[in-house]
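K.L.:
This is the structure, below, for whatever I ask next.
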Amino acid sequence: IRTLGLDRTEWLEIPEGYLAGFPNLRVLLLGHSFRHRIPEEIFSLNDLIQLDFEANPLKALPPGVGRLDKLISLQLRNCKLEALPKELGRLTKLEEMAGSGPFGLHISGNPFKDRELRRIAKLKNPQQTIEALAWARANGS
């Protein structure tokens, strides 16, 4: 399986170890799924190029996201993020692909505590991705 869509499944809990059974997964859709935490095993999916957590109540993105170095699309719109982790700045493919269709980092609609990050979240791609990754490298938590 290359694509797994579990979006809009607020009733579904992902059992521990389940995602490890999909080592070739390239696309994981968990948008609108009311997940309060990201299963740690996601950060071991080395071939992942697209990850969608749109509209989930995530307050923090784990540092493990920095291991997903093939990501070209990361959807974090309308979550509850207050900051971005420094490790996010490592995802240079997000920056390279930003502005090409739906690719890049999408962070609008989050209640960021940092004023500069709130400004960046209002930008359009590719500028949003470029500036957000630079912010993460310099100021990430």
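K.L.:
What distance in nm separates the two pseudo spin-label positions at Lys80 and Ala138, each 7 Å out from Cα along the beta-carbon direction?
P.N.:
3.0 nm
K.L.:
A follow-up question, please. So what is the accessible area of the range 33-141 per residue, in Å², with the probe set to 1.4 Å?
P.N.:
Per-residue value: 47 Å².
K.L.:
Helix-derived [θ] at 222 nm for the chain: sum -39500 (n - 2.57) over DSSP H runs of at least 4, divide by residue count, nearest 500?
P.N.:
Theoretical 222 nm ellipticity from helices: -5000 deg cm²/dmol.
K.L.:
Let me ask something else about it. Kindly identify the chain as rounded, prolate or oblate by the Cα gyration tensor criterion: order the square roots of the eigenvalues as a ≥ b ≥ c, call it rounded if a/c is under 1.5, otherwise compare a/b with b/c, prolate if a/b is larger, else oblate.
P.N.:
In terms of gyration-tensor shape, prolate.
K.L.:
Ratio of alpha-carbon Rg to the 2.2 N^0.38 Å globular estimate for the range 35-87, to two decimals, please.
P.N.:
Here the answer is 1.05, to two decimals.
K.L.:
Of the accessible area of the chain, with the probe set at 1.4 angstrom, what percent is carbon plus sulfur?
P.N.:
Using a 1.4 Å probe with all protein chains present, the chain comes out at 51 percent carbon and sulfur.
K.L.:
For a protection proxy built on the mean count of beta-carbon atoms within 10 angstrom, sort 96-105, 70-79, 116-125 highest first, please.
P.N.:
Peptide ranking by packing, descending: 70-79, 96-105, 116-125.
K.L.:
Quick one: what do you get for the range 67-141 if you divide its Cα Rg by 2.2 N^0.38 Å?
P.N.:
Rounded to two decimals, the normalised Rg is 0.95.
K.L.:
A further question follows. Please work out how many pairs of lysine residues in the range 62-138 are eight or more positions apart (or on different chains) and have Cα atoms closer than 18 angstrom.
P.N.:
Eligible lysine pairs with Cα atoms under 18 Å apart amount to 7.
K.L.:
Using a Förster distance of 35 angstrom, determine the FRET efficiency expected from the C-beta separation of Ile1 and Lys59, and round it to 0.05.
P.N.:
Here the calculated transfer efficiency is 0.75.
K.L.:
Another question, then. Using 0.36 nm times the number of residues separating Glu13 and Arg118, minus their current alpha carbon distance, what extension gain do you get?
P.N.:
This chain segment gains 34.7 nm when fully extended.
The values are calculated or read from the model by the stated rules, or taken from the named source; none is laboratory data. Every value quoted in this text rests on a predicted model; they were computed, and no experiment measured them. No Cβ is skipped: glycine too gets one built from the backbone with ideal geometry, and neighbour counts run over all protein chains shown. Surface areas here come from the heavy atoms of the whole protein model, side chains and all, with no ligands, DNA or RNA. Shrake-Rupley method; radii C 1.70, N 1.55, O 1.52, S 1.80 Å.
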